[in-house]
1. Those residues that are within 19 Å of Lys231 (Cβ to Cβ) and over 20 Å from the mean Cα position of the chain (by Cα), I need them from region 120-147; list them, please.
2. In this structure, does Asp129 turn out to be in contact (Cβ under 8 Å) with a residue 40 or more places away in the chain and within 25 Å of Gly212 (Cβ to Cβ)?
3. Identify all residues within region 194-210 that are assigned to a loop (DSSP other than H, G, I, E, B) and of a type in the set (Gly, Ala, Ser); write none if there are none.
4. Within region 208-219, is there a residue that is within 20 Å of Phe137 (Cβ to Cβ), surrounded by fewer than 16 Cβ atoms within 10 Å (Cβ to Cβ) and touching a Phe, Trp or Tyr at 6+ places or on another chain (Cβ under 8 Å)?
5. Provide a single number: the residues in region 211-232 that are assigned to a strand (DSSP E or B), over 18 Å from Leu117 (Cβ atoms) and free of Cβ contacts under 8 Å to residues at least 40 places away in the same chain.
6. Go through region 172-209 and count every residue that is closer than 16 Å to Leu150 by Cβ, free of Cβ contacts under 8 Å to residues at least 60 places away in the same chain and of a type outside the set (Ser, Thr, Tyr).
7. Residues in region 184-193: is at least one over 20 Å from the mean Cα position of the chain (by Cα), more than 16 Å from Ala116 (Cα to Cα) and part of a strand (DSSP E or B)?
8. Sort out which residues of region 140-162 are in contact with a Phe, Trp or Tyr (Cβ under 7 Å, 6 or more places away or on another chain) and in contact (Cβ under 8 Å) with a residue 24 or more places away in the chain, and write them in order of number.
Amino acid sequence: MSRECEQMRPLLHADLDGELDAVSSASLAAHVAECPDCAREQADLARLQTQLRAELPYHSAPASLRRALTPRPSTQRWRLPATFVAGAMAASVALMLLPGAPPAGDDALIASHLRALQPGHLMDVASNDQHNVKPWFDGRLDYSPPVKDLSADGFVLDGGRLDYMDGRAVAALVYHRRLHVIDVYVWPQAQAPKAKEGEYNGYNVLRWTQDGFVFWAVSDLNVDELDLLRKGWLAS
């Protein structure tokens with residue numbers, strides 16, 4: 001794949017959804033006209049979009065989910081690979097279209113995770129050093145969240161951010177395992193929201209408590225591997 005194709009491929013999804021500006025749309029059209037591979041990819045995506053709209057039932061997203069997906073200001077820009085951006089877009093659509101949406105409480109966790117995957121929202125502080133991430137929260141929260149290095153267990157710390165759920169600011173720690181992003185939300189135990197563990201439209205939610213805090217891990221990583229993060233956290 002040429003460098004130009006690498007730059008244009010992520011625009012195909014946005015173009016189908018009518019999200020490109022005129023300049024970007026014209027640039028993509030010119031490239032597709034001369035590139036058989038990208039033209040074929042565009043045609044495949046268009047067929048898939050048509051098929052999904054024709055075959056899948058439509059379920060309106062609850063108001064709480066729509067509010068939670070509204071982008072919030074970020075203090076630090078974070079560039080994501082195109083695979084993460086496309087995944088976040090697809091996951092957002094899946095939650096709105098597919099039956100079995102998570103109940104109140106869980107939807108806030110998953111919506112926050114999806115919103116964070118959008119460009120510029122994943123992290124406010126980017127560092128794989130727990131000694132940089134933990135003090136960043138000082139003065140920004142009314143509690144000091146624990147931060148752990150779990151790289152020995154295959155979970156690399158990427159940083160953290162402030163998030164907002166149940167009307168309050170909370171800590172979100174960001175890890176990754178291969179190409180899977182994992183958000184670990186941390187609350188003081190007395191203030192933790194009500195939510196249930198489970199799998200919702202391809203996203204797994206796990207819970208544990210330690211040292212007066214409640215933790216929720218949310219990711220599209222399979223549940224067995226996500227449980228390794230929980231076990232590693234509790235053992236360290």
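1. Gln130, Pro146
2. The answer is no for Asp129.
3. Hits for region 194-210 are Ala195, Gly202.
4. Checking region 208-219: at least one residue is within 20 Å of Phe137 (Cβ to Cβ), surrounded by fewer than 16 Cβ atoms within 10 Å (Cβ to Cβ) and touching a Phe, Trp or Tyr at 6+ places or on another chain (Cβ under 8 Å).
5. Looking only at that region, the number is 2.
6. Within region 172-209, residues that are closer than 16 Å to Leu150 by Cβ, free of Cβ contacts under 8 Å to residues at least 60 places away in the same chain and of a type outside the set (Ser, Thr, Tyr) number 11.
7. yes
8. Residues satisfying the conditions are Pro145, Pro146, Lys148, Leu150, Phe155, Val156, Leu157, Asp158, Gly160.
The values are calculated or read from the model by the stated rules, or taken from the named source; none is laboratory data. For clarity, every value in this text was computed on a predicted model and none was experimentally measured. Here the Cβ is made from the backbone with ideal geometry for all residues, glycine too, and neighbour counts use every protein chain on show.
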